[in-house]
Amino acid sequence: MELINTQNIEKALEKYKTTKLQDVKVWFKAASIHDFPTDGGACVKYKNKQIAVFNFTRSNKWYACQNICPHKMEMVLSRGMIGDAKGTPKVACPLHKKTFSLESGENLNGDLEAIATYPVKIDQENVYIGFSD
């Protein structure tokens, strides 16, 4: 039974790979900037991926990452609390408070793999997320 769970987890996570700005091939128009909460997140779908997008108003920046938390494999990161950890913007999973850097995806608790992150740009009041596929 454990092998099946491990395989399911690996399969769910394998579609999420960090995209660096220089590797962007597609700028996906996610939504209007007005569709996102101030200092909070929302989930958008791109192909077979759920992406959490954050309007970090306090720092005047936008971030995107996978919506699935690798701790319990729940699609909840878009509902997480955002904040700052010694200058690093972060999101905390709303279920178990595991925290991740919104810049690098690094697990700031040190006990999980990093999450995938994606570049974001704003153009004419629209939010675009960069993907390599």
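Cross-link pairs exceeding 18 Å between alpha carbons, from the set Lys29/Lys121; Lys20/Lys86; Lys15/Lys90; Lys17/Lys49; Lys25/Lys47: Lys20/Lys86; Lys15/Lys90. Computed from the alpha carbon atoms alone, the convex hull of the chain holds 106 Å³ per residue. Checked against a 22 Å cut-off, the cross-linked pairs Lys11/Lys45; Lys45/Lys72; Lys11/Lys97 give Cα-Cα distances beyond that limit for Lys11/Lys97. Legend: calculated FRET efficiency, Asp35 to Asn60, from the Cβ-Cβ distance at R0 = 30 Å, rounded to 0.05, equals 0.95. Approximating the spin labels as points 7 Å out from Cα along Cα→Cβ, the Leu13-to-Glu103 distance works out to 2.4 nm.
Seen through its C-alpha gyration tensor, with square-root eigenvalues sorted a ≥ b ≥ c, the range 10-68 comes out prolate because a/c lies at 1.5 or above while a/b is bigger than b/c. Rounded to the nearest 10 square angstrom, Ser59 shows an accessible area of 50 square angstrom against a 1.4 Å probe. Here is the list for the range 39-133: GluC sites (Glu not before Pro) lying in DSSP coil, each with at most 14 other C-beta atoms within 10 angstrom of its C-beta, are Glu103, Glu113, Glu125.
A Förster distance of 25 Å, applied to the separation of the beta-carbon atoms of Lys25 and Met73, puts the FRET efficiency at 0.35. Under a Cβ-Cβ cut-off of 12 Å, what is the net charge of the residues other than Ala92 that fall near it, where Lys and Arg count +1 and Asp and Glu count -1? Net local charge, Ala92 excluded: +3.
The values are calculated or read from the model by the stated rules, or taken from the named source; none is laboratory data. If you're wondering where the values come from, they're calculated on a predicted model, not measured in any experiment. Glycine gets a Cβ as well: all are built from the backbone with ideal geometry, and neighbour counts include every protein chain shown. Calculation scope for accessible area: heavy atoms of the full protein, side chains included, ligands and nucleic acids excluded. Shrake-Rupley method; radii C 1.70, N 1.55, O 1.52, S 1.80 Å.
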